[in-house]
Amino acid sequence: MDPTRTTTTDALGGQQRRGFWLRTLHQWHWISSAICLLGMLLFTITGITLNHASRIEAEPQVVNRTLTLPVPLLATLGKRTEGNASLPVGIADWLARELDTSIGTREAEWSAEEIYLPLPGPGRDAWISIDRASGAVEYERTDRGWISYLNDLHKGRNAGAAWSWFIDLFAVACLVFCVTGLFLLQLHARQRRMTWPYVGLGLVIPVLLALLFIH
């Protein structure tokens, strides 16, 4: 067997394998970056706003309303005097229409005197109180602005199950983006001598900051 031919064949095989992995990694890298793009911008911007939350303060807007529950609906409250449970459908629908807010099947805190329904959400806090004897309804909502809304989305605070799933999927896409980027660095490192020094710098800087300045 001609050793020159064998060496040439091995070199071609190596180039083909390298080309395959380059194409595959580039494909996964750009797909994951496209999926991550909007989410990465959102989490990057809100990372800055969260880091400077004390300097970026909005004036809370508070809304108070009082209503009286119709007698037929008041009668549907039943005899529950303790525990947590959703409001009867008729009352939930009536409150949603009158207060222009989503009630759904959120659980309220029941007692013999009143029913208290917390309605937290991203960038806001709200609650409804129903007096069981008179049917008096008190509603309060505090809105803290768009920055607070986006900050709460960053933290997943009171954003619901769908947003929680989005954060998990976004994290997986970011992981794919980072891992494929690392392998691409490995494949290009021979032609770019500063590749690993830069990677090492990106590791050393946060480690030094943590060790020296975080106590």
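The values are calculated or read from the model by the stated rules, or taken from the named source; none is laboratory data. Computed from a predicted structure; not experimentally measured. With ideal geometry, Cβ positions are generated from the backbone for all residues, glycine too; neighbour counts draw on all protein chains shown.
Scanning the stretch 178-191 for residues that are surrounded by 10 or more Cβ atoms within 10 Å (Cβ to Cβ) and either closer than 20 Å to residue 17 by Cβ or among the β-branched types (Val, Ile, Thr) (or both) yields 179, 180, 181, 182, 183, 184, 185, 186, 187, 188, 189.
Across the stretch 82-135, what is the total count of residues that are in a loop (DSSP other than H, G, I, E, B) and in contact (Cβ under 8 Å) with a residue 60 or more places away in the chain? Let's see the steps before the verdict.
Filtering the stretch 82-135 for residues in a loop (DSSP other than H, G, I, E, B) gives 82-83, 87-88, 100-106, 111-113, 119-120, 122-123, 132-135.
Remaining after also requiring in contact (Cβ under 8 Å) with a residue 60 or more places away in the chain: 134-135.
Residues meeting the conditions: 2.
Of the residues making up the stretch 47-59, not a single one is in a helix (DSSP H, G or I) and not assigned by TED's automatic domain parsing to the domain that holds residue 181.
When the stretch 131-145 is limited to residues that are under 25 Å from the mean Cα position of the chain (by Cα) and of a type in the set (Lys, Arg), the one that is modelled with the lowest pLDDT turns out to be 144.
Let's see how each residue does on (1) in a strand (DSSP E or B); (2) over 30 Å from residue 60 (Cα atoms); (3) under 26 Å from the mean Cα position of the chain (by Cα); (4) not hydrophobic (A, V, I, L, M, F, W, C):
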site: 147; (1), (2), (3), (4): no, no, yes, no
site: 169; (1), (2), (3), (4): no, yes, yes, no
site: 178; (1), (2), (3), (4): no, yes, yes, no
site: 196; (1), (2), (3), (4): no, yes, no, no
site: 202; (1), (2), (3), (4): no, yes, yes, yes
site: 206; (1), (2), (3), (4): no, yes, yes, yes
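Residues to consider are 132, 157, 144; find the one that is over 30 Å from residue 37 (Cα atoms) and among the basic types (Lys, Arg). First the steps, then the outcome.
Numbers: 157 fails: over 30 Å from residue 37 (Cα atoms); 144 fails: over 30 Å from residue 37 (Cα atoms).
That would be 132, the only listed residue that is over 30 Å from residue 37 (Cα atoms) and among the basic types (Lys, Arg).
Restricting attention to the stretch 102-115, the residues being surrounded by 15 or more Cβ atoms within 10 Å (Cβ to Cβ) and in contact with a helix residue (DSSP H, G or I) (Cβ under 9 Å, 6 or more places away or on another chain) number 4. Being at pLDDT below 95, farther than 29 Å from residue 182 by Cβ and within 22 Å of the chain's Cα centre (by Cα) holds for only one residue in 48, 56, 31, and it is 56.
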